[in-house]
Every structure is written in C-alpha cells, then in structure tokens.
Amino acid sequence: MEGKIFDIKRFALNDGPGIRTTVFFKGCPLKCTWCHNPEGISFDIEEFEQERFLDGERFVHIQKIGQSVSVQKLMDEILKDVNFYIQSGGGVTFSGGEPMAQSEFLTLVLAECKKKGLHVTIDTTGLCNTDKLDVISNYADLFLYDMKFVNSDLHYNYTGVKNSLIIENLDFLLNKKSAVIVRVPIIPGINDTVECIADLKEFVKNRQNQIKELHFLPFHNIGQSKYERFKKDYSLSALSSQQPDDLNYLIEEFKSLEIKTQIGGL
Ligand code: SF4
C-alpha cells in the first residue's frame with residue numbers, strides 16, 4: 001500500500017517533544033484562508049510550471065508537488081534519524097494536509113513506528129471518521145489538535161467546513177484519555193476578536209481538566225510566496241506576521257483556567 005506525501009522535514013522542533021521528523025501528508029479536507037502549506041491541500045500529485053530569468057532569457061521547469069511512498073520507503077526515511085529521537089526524547093510527527101485522510105496507510109506506518117519504539121505525534125484538523133480516529137489513537141502518543149473557531153459558522157466561512165465533527169472527535173479523544181494539546185492558530189482580525197476569544201475560553205474551560213495543554217500559534221505570512229509560486233489566490237497579504245510577545249495577552253486571559261498555556265509549538 002502507498003500513501004501520498006509532499007514533504008519530510010528533519011530536525012523539526014515545534015511539532016511535538018524533542019527533535020522530530022515531520023511527515024507531511026498530501027490532501028486536506030479544509031481550505032483555510034491562511035493556510036501556509038497551500039501545496040498540501042489537493043489530494044492529487046500536482047505539477048506547476050516555474051519560470052526563471054537568466055540574462056534576459058526565460059527558463060521554464062516543471063515542479064512536481066507530492067509523491068507516492070510505500071510504508072517501507074517512508075520508514076527508511078524516518079529511521080535515518082532514530083539516534084536523534086532517542087537522545088532528545090523526540091520522535092515522528094505526521095502532519096499535512098491531514099494525515100487522518102489517509103488513515104489506512106497511516107495505520108500501517110504507525111504500527112511500524114511502534115514496533116521500533118518511536119514516539120508518535122499526530123497533527124490533525126480533527127475532521128475525520130471517528131472509528132478511524134479510534135484506531136489511530138491506539139498508536140498515537142500525542143495529538144496536536146487544531147481548533148480554529150468555536151463558532152461553527154465562522155469556521156465554515158474561513159475553512160469551508162463546519163466544526164461539529166471536529167468538536168465531537170476532540171471530545172472522543174479526551175474521553176478516551178488520549179494526550180491532546182489543543183493548538184489555536186491566531187489570525188489577526190479573524191479569530192482573535194473579543195467574541196472568538198470569549199468562545200474559546202468557555203470551550204476550554206469546559207475541558208480544562210482533560211486537555212493536556214493549550215498552545216497559541218502566532219500568525220505568520222511565510223506561506224505567501226508559495227501562493228505566488230503555485231499560482232493560487234491569497235487574500236491575507238495585507239496581514240503582517242506576529243511576534244510571540246503579541247500574544248502575551250492571551251496567556252493573561254487564560255490564566256484563571258487550570259490549564260498550561262504557551263505561545264508557539266512545543
Ligand atoms: S487545516 Fe491546515 S493544512 Fe488544511 S487547509 Fe487548514 S491550514 Fe492548511
């Protein structure tokens with residue numbers, strides 16, 4: 001069986017504990033306006049024409065995004081850095097796109113990771129079949145679970161989908177006592193309004209003894225150049241990147257809750 005991935009990042013430090021290898025699965029059921037991996041949204045392997053000019057001459061080459069990999073080939077890549085995982089308390093993170101969208105392939109890879117004793121983190125949107133999530137949760141050591149909006153209509157407006165299944169699946173994992181870090185990508189003027197933050201606080205308060213940690217991720221626009229490169233529309237070009245300190249007020253705001261909060265990933 002083969003899966004489709006579009007990148008492998010080595011020595012990743014923000015996708016779970018320790019030094020990690022992050023595998024990016026191709027395809028996502030959401031279409032977030034701010035997505036910084038737009039090349040990962042389509043489930044297809046894509047080809048883009050890239051042009052360069054040298055001494056006034058135009059050169060065109062085709063850039064392929066995505067590849068099919070077997071379980072064995074992916075494991076060979078993952079195991080190259082096994083010594084770093086052991087020394088740092090790290091492991092492997094499956095991200096995307098949405099890794100749960102290829103859950104059969106993911107299950108096979110996770111089974112191999114567990115045979116090798118690797119720590120496994122799943123970075124997920126939570127929009128997936130609950131039975132499949134149940135299977136994956138038997139292998140996963142940690143979930144990084146994105147929560148973009150508590151309000152389902154706003155969630156729909158900015159990601160193209162409602163969030164009822166995402167919330168159901170989060171509660172499923174919490175009730176199963178899976179380790180879950182909720183991550184909130186903060187998008188200025190979009191989900192950091194007074195109403196959105198109040199909704200989030202209430203949402204977290206109702207789960208504060210079950211969620212392991214709450215992370216606020218500052219907005220950055222490093223993905224903007226990709227939209228130009230891959231000829232996709234980007235509507236947030238007027239937004240500037242945030243500095244971590246810009247989100248200090250959220251730490252203050254959530255201080256009254258019994259939950260560990262932080263700015264940025266692990
Ligand atoms: S969920 Fe993540 S990968 Fe999917 S569109 Fe949104 S930001 Fe991009």
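Of the chymotrypsin sites (Phe, Trp or Tyr not before Pro) in region 80-150, not one is in a loop by DSSP (not H, G, I, E or B) with at most 10 other beta carbons within 10 Å. Here the average projected area of the convex hull drawn through the C-alpha atoms of the chain stands at 15.3 nm².
Length gained on full extension, Glu47 to Glu104: 18.0 nm, using 0.36 nm per residue less the C-alpha separation.
Of the peptides 247-257, 6-16, 51-61, 25-35, how do they stack up when ordered by the mean number of other Cβ atoms within 10 Å, highest first?
Highest mean packing first, the order is 25-35, 6-16, 247-257, 51-61.
Computed extension gain for Ile251 through Leu79, at 0.36 nm per residue and net of the alpha carbon distance, reaches 58.2 nm.
The length gained on full extension between Glu2 and Leu54, counted as 0.36 nm times the residue separation minus their Cα-Cα distance, comes to 14.8 nm.
In the context of the full set of protein chains, the chain has a per residue accessible area of 48 Å² (1.4 Å probe).
Of Lys31/Lys226; Lys9/Lys176; Lys9/Lys177; Lys148/Lys205, which sit over 19 Å apart, Cα to Cα?
Lys9/Lys176; Lys9/Lys177
How high is the FRET efficiency between Asn14 and Asp153 when r is their beta carbon distance and R₀ equals 35 Å, given to the nearest 0.05? After rounding to 0.05, the efficiency reads 0.70. Residues Glu228, Glu77, ordered by accessible area of protein heavy atoms at a 1.4 angstrom probe radius and largest first, appear as Glu228, Glu77. When +1 charges are put on Lys and Arg Cβ atoms and -1 charges on Asp and Glu Cβ atoms, the dipole computed for the chain relative to its Cα centre reaches about 620 debye.
The values are calculated or read from the model by the stated rules, or taken from the named source; none is laboratory data. What you are looking at is a predicted structure, and each value in this text was computed from that prediction instead of being measured. Note that each Cβ is placed from the backbone with ideal geometry, even for glycine, and that neighbours are counted across all protein chains shown. Note: accessible area is taken over every heavy atom of the protein model, side chains too, but ligands, DNA and RNA are not part of it. Shrake-Rupley method; radii C 1.70, N 1.55, O 1.52, S 1.80 Å.
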